[in-house]
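As structure tokens, the structure follows; a few thoughts come after it.
The values are calculated or read from the model by the stated rules, or taken from the named source; none is laboratory data. Values in this document were obtained by computation on a predicted structure and should not be read as measured data. All Cβ positions, glycine included, derive from the backbone under ideal geometry; neighbour counts span all protein chains shown.
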């Protein structure tokens, strides 16, 4: 397994380590429930150094990004960030990514499991005048998430974050070395993601830990990262989105800008939009005991199979089971009662509107 610059740190903290996307990563330290609630009420530190980062520069960079992704990168000013999708010619989601508009071009942040696949796809479709560089092996990434994250980051980096809006970033320094600091995250809480050279990783982690003691800081593993994102109805690649799923049925249509001009998958998505989708990603809470798991069948009240669970867990914040899954469009309306086939016994759930947490 690959290691991040913080692997030894996680081991020393007693983390349970697992193989995730080919990396040895911490799934939990003290436990998923405790770590989850720490992020919701205080502040948590995540090692995300396994994520992939690519730089696109040159006079053709904007045209390349816009031809590869569903959103419109021309709308980004320097210092702004955009959520978007890489799509196949058939409209399937290769990956859901973040695009950072830098002074020199663009930084694309991709899911760890898709790094090699994404790089090959982007390299294959580069337009003239575009240079692609893989920065994945050079950069470490720490996420600081939770209601106490801003004062902690301000204290460690000695800056004010009052003017840093969501989905924007600045370049600052730590110990004289450049850091890219964005107000982004995958938890639904206020938070920040810090990109920096690998050599700084342990020192920055230790500073955040020391200064964060008074804020209740704790290291957070991938287990709580998953429950946190699910409570906020954020999709996970490989579960809720994939190359077999398009952005329209995944509820990501607002990130598809048909009027920006051509992009890979546009024609297919246009046809799908005109014909109408047949399935839709929904969120639901359980009305009876039982935790929905990926792959479980979703049924209507007559017991007919209408879809499948893609993500599910016991929500630590709500203290009840929650899930997401794809169902036939006719059965996707909020308030619809469905059944989840949990082993041999169906249990009732209800489709909800919006996020699980407000």
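A few comments on the model shown:
- Yes/no for residue 218 being part of a strand (DSSP E or B) and surrounded by 19 or more Cβ atoms within 10 Å (Cβ to Cβ): yes
- Of all residues in segment 165-182, those satisfying the criterion of being out of contact with any strand residue (DSSP E or B) (no Cβ under 6 Å at 6 or more places or on another chain) and in a loop (DSSP other than H, G, I, E, B) are 165, 166, 175, 176.
- Filter result (within 16 Å of residue 240 (Cβ to Cβ) and in a strand (DSSP E or B)) within segment 90-111: 93, 94, 95, 96, 97
- Residue within segment 157-164 that is touching a strand residue (DSSP E or B) at 6+ places or on another chain (Cβ under 8 Å), in a helix (DSSP H, G or I) and surrounded by fewer than 22 Cβ atoms within 10 Å (Cβ to Cβ) present: yes
- Entry remark, segment 309-358: residues being surrounded by fewer than 18 Cβ atoms within 10 Å (Cβ to Cβ) and in a strand (DSSP E or B) number 8 in total.
- One residue from 84, 64, 4 being touching a helix residue (DSSP H, G or I) at 6+ places or on another chain (Cβ under 9 Å) and in a helix (DSSP H, G or I): 64
- Just one of the listed residues (50, 36, 10) is touching a residue at least 60 places away in the same chain (Cβ under 8 Å), surrounded by fewer than 24 Cβ atoms within 10 Å (Cβ to Cβ) and part of a helix (DSSP H, G or I), namely 10.
- Of all the listed residues (294, 270), the sole one being without any contact (Cβ under 8 Å) to a residue 40 or more places away in the chain and either closer than 24 Å to residue 342 by Cα or not assigned by TED's automatic domain parsing to the domain that holds residue 347 (or both) is 270.
- Residue check for residue 224: without any contact (Cβ under 8 Å) to a residue 24 or more places away in the chain and either crowded, with 22+ Cβ neighbours inside 10 Å or more than 20 Å from residue 109 (Cβ to Cβ) (or both): no
- The residue list 245, 306 contains one member that is modelled with pLDDT of 95 or more and assigned to a loop (DSSP other than H, G, I, E, B), which is 245.
- Condition check for residue 238: without any contact (Cβ under 8 Å) to a residue 24 or more places away in the chain and either assigned by TED's automatic domain parsing to the domain that holds residue 33 or within 25 Å of the chain's Cα centre (by Cα) (or both): no
- Residue in segment 19-30 that is surrounded by 22 or more Cβ atoms within 10 Å (Cβ to Cβ) and more than 19 Å from the chain's Cα centre (by Cα) present: no
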